[in-house]
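Student: One structure, pasted below without further comment.
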Amino acid sequence: MRGLALELLVSFTEARPALARKVPQLAERSVPVMLALAAAVEDEDEWHKNVGDEEDKDEDAETVDTGVEAMERFLLAVGGNRAVPATLPILAARVAAPQWQQRYAALRGLATLVATADKALKEHVPSLVTTAVRHLADDHPYVAWAAAAALAALCTCFAPDVQTSQHAEIMPALLTLLGPDAHPRLRSRAARLVVDFASECGEDEAEMLAAYADGLLGALVAMLGSGVQPQQQAAVIAVSALATALEERFLKYYASLIPGLVQLLQAAAGAGTPQGRILAGHAMECISCIADAVGTEHFAADAPAVMELLMALHAQQLSGDDSQMGTLLKASARIAKCMKGAFAPFLTRLLPSVMEYAQLDPKLSMEQADGAEEDGDGDGEYSIVNMKGVGKMRVSINIKELQDKALGCSMLAEWAEALQEHFLPHVEAAAQVLVPCCTYKLSEDVRAAAVDAMPELLRAVKAGGDGAMLNGLWSAAWMELAKASVVEPDPDAQRAILESIAACVEVCGDGCLTTPQQEQLCGGMLRPLVEEQATGTAKEEDEEEDEEEEGVMMAVVELLTAALKTHRDGIVQQIQLHLLPFYGQLLAADRPAGDKTAALCVLVELVDHGGAAALPLLPNIVAACLQYAQDGAPHVRRAACYGLAV
């Protein structure tokens with residue numbers, strides 16, 4: 001009954017968040033109920049036996065799941081600014097409780113709060129990291145596990161600040177948890193925490209991470225030698241993350257690690273078990289990440305032997321369980337980047353299966369739903385639709401085939417990027433599959449992979465020096481990308497399409513857009529986006545939606561910049577005719593900072609690349625830059641000052 005009451009409360013909050021926020025003390029009264037459910041956890045033997053920390057093997061009590069999931073939904077609905085002040089004192093009291101269940105629930109709640117209200121928590125991050133680190137040494141392994149989950153959320157949501165400012169606090173505790181005396185499951189959880197920490201480290205943080213690499217890799221190598229496959233899997237994934245983050249700094253470990261990883265790969269591949277195949281896939285991924293980190297010169301001697309192992313694993317996947325096919329193929333793309341032309345013989349062997357994936361054409365099927373809801377293909381997914389005059393119909397599609405199609409398309413893109421001119425013999429066949437997929441209706445993942453592939457295919461052709469093929473491919477790609485930019489409903493995907501077109505224009509270079517294409521670009525593709533942003537009706541504040549819209553507007557800027565650089569004063573008239581009136585509206589004093597920034601960026605690019613055709617616009621552009629050179633928003637101020645410098 002309590003679960004049903006909580007579901008009603010959360011559903012109401014999700015449906016009417018603005019109204020729910022007006023209810024006095026809503027979070028203060030609701031969160032304790034959710035934490036009480038999360039604290040209804042029992043110390044189960046099966047939890048301790050899950051030494052690989054594999055979440056799909058956990059069977060939390062239903063009440064625990066109910067509490068944690070309800071809290072996530074509730075906090076997302078009410079928003080961080082309201083949730084944080086109400087929730088933090090409750091969590092602080094419970095994390096200090098003598099009962100381990102209360103500490104466990106509080107840390108689970110902290111991980112949820114971080115993931116749902118990250119920006120509103122910023123000033124509290126140092127103390128929250130300290131709390132999570134302290135509880136990594138908790139006497140009860142459940143609590144230490146929950147502390148690791150909370151710390152992982154902090155490392156991910158507040159990266160790289162947490163890594164740079166609190167590494168000296170985190171790393172000693174993490175190394176202790178990786179040690180041989182730690183609880184077996186916690187060692188694997190610590191390896192996953194290494195992934196969370198290292199994956200968010202960029203070039204600026206690599207030197208800091210390198211200072212801990214000896215200790216981290218020593219502990220992970222010990223786990224690899226444990227002989228316990230689930231722990232080995234966690235360790236090998238962590239080594240991959242370190243290699244990717246450290247890049248050339250990983251070279252000092254190459255000679256000592258690669259032989260052992262190859263042996264592990266051979267043993268796992270030869271085991272013939274599902275767990276062995278999973279471990280083999282991750283070992284191959286790890287080797288490819290190391291190859292990518294150390295470069296061609298150091299990996300070249302080992303590359304042929306490693307690729308023969310990959311080919312053997314690929315053959316196993318084709319003949320049976322193909323669950324690791326994606327991992328293997330992505331590993332091959334990293335290795336291809338190192339081997340370049342020497343990869344060609346292996347590409348010839350891998351390409352048929354990938355083309356087969358990319359050419360899959362799963363169909364929607366419809367049949368009467370009466371009494372048939374549980375029948376059908378186990379790989380399919382269906383919905384029951386009530387159709388007027390027909391009755392209930394089951395509409396289904398094979399999800400596995402859609403996923404395989406997306407994998408095939410993404411691999412063609414990755415190989416084209418890795419091999420450049422060495423991919424030229426395969427560009428035509430790849431393009432015949434990929435170009436139509438830019439507007440593929442049944443899968444966003446397929447569309448995204450095809451869109452990302454377009455500039456890579458063009459780069460491969462350009463690197464190969466085939467001008468006629470470049471022109472033909474660009475003509476075909478333009479038609480589909482232009483269509484995709486208009487019909488794509490998802491803002492993030494729309495942004496990716498515009499960025500892809502910008503990259504294509506840069507690759508194809510001067511004069512690649514004909515006059516009709518320039519008019520189509522400015523009037524047909526970009527005008528509706530900019531006009532809607534300038535004249536759209538006011539909506540209830542939604543931070544995530546605002547960020548999506550800002551991303552689309554900056555992608556428009558990127559595309560216009562590419563067009564101006566390659567066509568200069570030839571495209572200024574189209575921009576002036578179709579877009580400048582709306583950018584003028586976006587510069588109004590009451591517009592959001594993102595709108596002003598986008599408008600200023602376009603005006604500056606006009607001055608920078610528009611030549612004589614942009615000179616009549618100069619007085620108004622200078623006036624706009626002067627107006628916003630001292631704006632309160634840093635991005636607006638930066639764009640205006642850059643404009644004055646230009």
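The values are calculated or read from the model by the stated rules, or taken from the named source; none is laboratory data. Computed from a predicted model, the values in this text were never measured in an experiment. Glycine also receives a Cβ, built like all others from the backbone with ideal geometry; neighbour counts cover every protein chain displayed. Areas reflect the complete protein model, heavy atoms only, side chains present, ligands, DNA and RNA absent. Shrake-Rupley method; radii C 1.70, N 1.55, O 1.52, S 1.80 Å.
Student: Efficiency by 1/(1 + (r/R0)^6): what FRET value for LEU442 and GLU42, r their Cβ-Cβ distance, R0 = 60 Å, to the nearest 0.05?
Tutor: 0.85
Student: List the lysines whose Cα lies under 21 Å from the Cα of LYS22, skipping any in the same chain that are fewer than 8 positions away.
Tutor: LYS539
Student: What do you reckon, how do PHE346, PHE12 stack up by accessible area (1.4 Å probe), largest on top?
Tutor: Ranking PHE346, PHE12 by accessible area, largest first, yields PHE12, PHE346.
Student: Per DSSP helix of 4 or more residues, -39500 (n - 2.57); summed, then divided by the residues of the chain. What does that give at 222 nm, rounded to the nearest 500?
Tutor: -23500 deg cm²/dmol
Student: Tell me the per residue accessible area of the chain using a 1.4 Å probe; a whole number in Å² is fine.
Tutor: Value for the chain: 45 Å² per residue.
Student: Provide the solvent-accessible area of TYR212, counting protein heavy atoms only and rolling a 1.4 Å probe, rounded to the nearest 10 Å².
Tutor: TYR212 exposes around 50 Å² with every protein chain in place.
Student: So, with +1 on the Cβ of K and R and -1 on the Cβ of D and E, and no other charges, what is the size of the charge dipole of segment 68-164 about its Cα centre, to the nearest 20 debye?
Tutor: Value, rounded to 20: 180 debye.
Student: Next up: So how much slack lies between ALA588 and ASN471, counting 0.36 nm per residue of separation and subtracting their Cα-Cα distance, in nm?
Tutor: 38.0 nm
Student: Specify which residue in the list SER500, LEU521, MET554 is farthest towards the positive end of the charge dipole of segment 500-646, using unit charges on the beta carbon of Lys, Arg (+1) and Asp, Glu (-1), about the Cα centre.
Tutor: My answer, from the dipole projection, is LEU521.
Student: Please report, as a whole percent, how much of the solvent-accessible surface of the chain comes from carbon and sulfur atoms (probe radius 1.4 Å).
Tutor: Whole-percent figure for carbon plus sulfur exposure: 53.
Student: Taking the full set of protein chains and a 1.4 angstrom probe, give the accessible area of LYS462 in square angstrom, rounded to the nearest 10.
Tutor: Rounded to the nearest 10, that gives 110 Å².
Student: Return the loop-located chymotrypsin sites (Phe, Trp or Tyr not before Pro) in segment 570-637 (DSSP other than H, G, I, E, B) with at most 15 other Cβ atoms within 10 Å of their own Cβ; answer none if there are none.
Tutor: none
Student: Which net charge results when you count Lys and Arg as +1 and Asp and Glu as -1 among the other residues whose beta-carbon is under 14 Å from that of ALA213?
Tutor: Once positives and negatives cancel, what remains is -3.
Student: With every protein chain kept in the model, how would you rank ARG459, ARG29 by accessible area, 1.4 Å probe, largest at the top?
Tutor: ARG29, ARG459
Student: While we're here: Provide the FRET efficiency to the nearest 0.05 for the ILE399-ASP56 pair, computing r from the beta carbons and using R0 = 25 Å.
Tutor: The value I calculate is 0.90.
Student: Tabulate in residue order the Karplus-calculated ³J(HN,Hα) for segment 477-490, using 6.51 cos²θ - 1.76 cosθ + 1.60 with θ = phi - 60°, rounded to whole Hz; enter x for Gly and Pro.
Tutor: 5, 4, 4, 6, 5, 4, 5, 4, 5, 8, 9, 5, x, 8
Student: Relative contact order for segment 470-601 using alpha-carbon pairs under 8 Å, separation at least 6, rounded to a whole percent?
Tutor: The normalised contact order for segment 470-601 reaches 32 percent.
Student: A further question on this structure: Report the calculated FRET efficiency for ALA255 and ASP139 (r = Cβ-Cβ distance, R0 = 60 Å), to the nearest 0.05.
Tutor: Calculated value: 0.90.
Student: Please state the charge dipole magnitude for segment 227-363, taken about the Cα centre, from unit charges on C-beta atoms (+1 on K and R, -1 on D and E), reported in debye and rounded to the nearest 20.
Tutor: So the magnitude is around 80 debye.
Student: Which whole-Hz ³J(HN,Hα) couplings does segment 622-635 yield from phi under the Karplus relation 6.51 cos²θ - 1.76 cosθ + 1.60, θ = phi - 60°, glycine and proline marked x?
Tutor: With coefficients 6.51, -1.76 and 1.60, one gets 4, 4, 5, 5, 5, 4, 10, 5, 10, 5, x, 8, x, 5 Hz.
Student: Let me ask you something else. With respect to the cross-link table entries LYS462/LYS565; LYS330/LYS441; LYS119/LYS400, which display a Cα-Cα separation exceeding 30 Å?
Tutor: Where the Cα-Cα span goes over 30 Å, the pairs concerned are LYS119/LYS400.
Student: Heavy-atom accessible area of ARG495 with all protein chains present, probe 1.4 Å, nearest 10 Å²?
Tutor: 70 Å²
Student: Which residues among segment 51-88 fall inside the zone where the amide N is under 20 Å from a point 7 Å beyond the Cα of ARG29, along Cα→Cβ?
Tutor: Output list for this probe position: 67, 70-79, 82-88.
Student: Heavy atoms only, 1.4 Å probe, whole protein assembly: order LYS483, LYS252 by accessible area, highest first.
Tutor: Ranking LYS483, LYS252 by accessible area, largest first, yields LYS252, LYS483.
Student: So what J values fall out for segment 204-219 if you push phi through Karplus, 6.51 cos²θ - 1.76 cosθ + 1.60 with θ = phi - 60°, rounded to Hz, Gly and Pro as x?
Tutor: Computed from phi, the couplings for segment 204-219 are 5, 9, 4, 5, 4, 5, 4, 5, 9, 5, 4, x, 4, 5, x, 5 Hz.
Student: To make sure I understand the rule: partners must be lysines, Cα under 16 Å from the Cα of LYS57, and not fewer than 8 residues away in the same chain. Which ones qualify?
Tutor: LYS49
Student: Determine the sum of side-chain charges near HIS426: Lys and Arg each +1, Asp and Glu each -1, restricted to other residues whose C-beta is under 15 angstrom from that of HIS426.
Tutor: Result for the local shell: -4.
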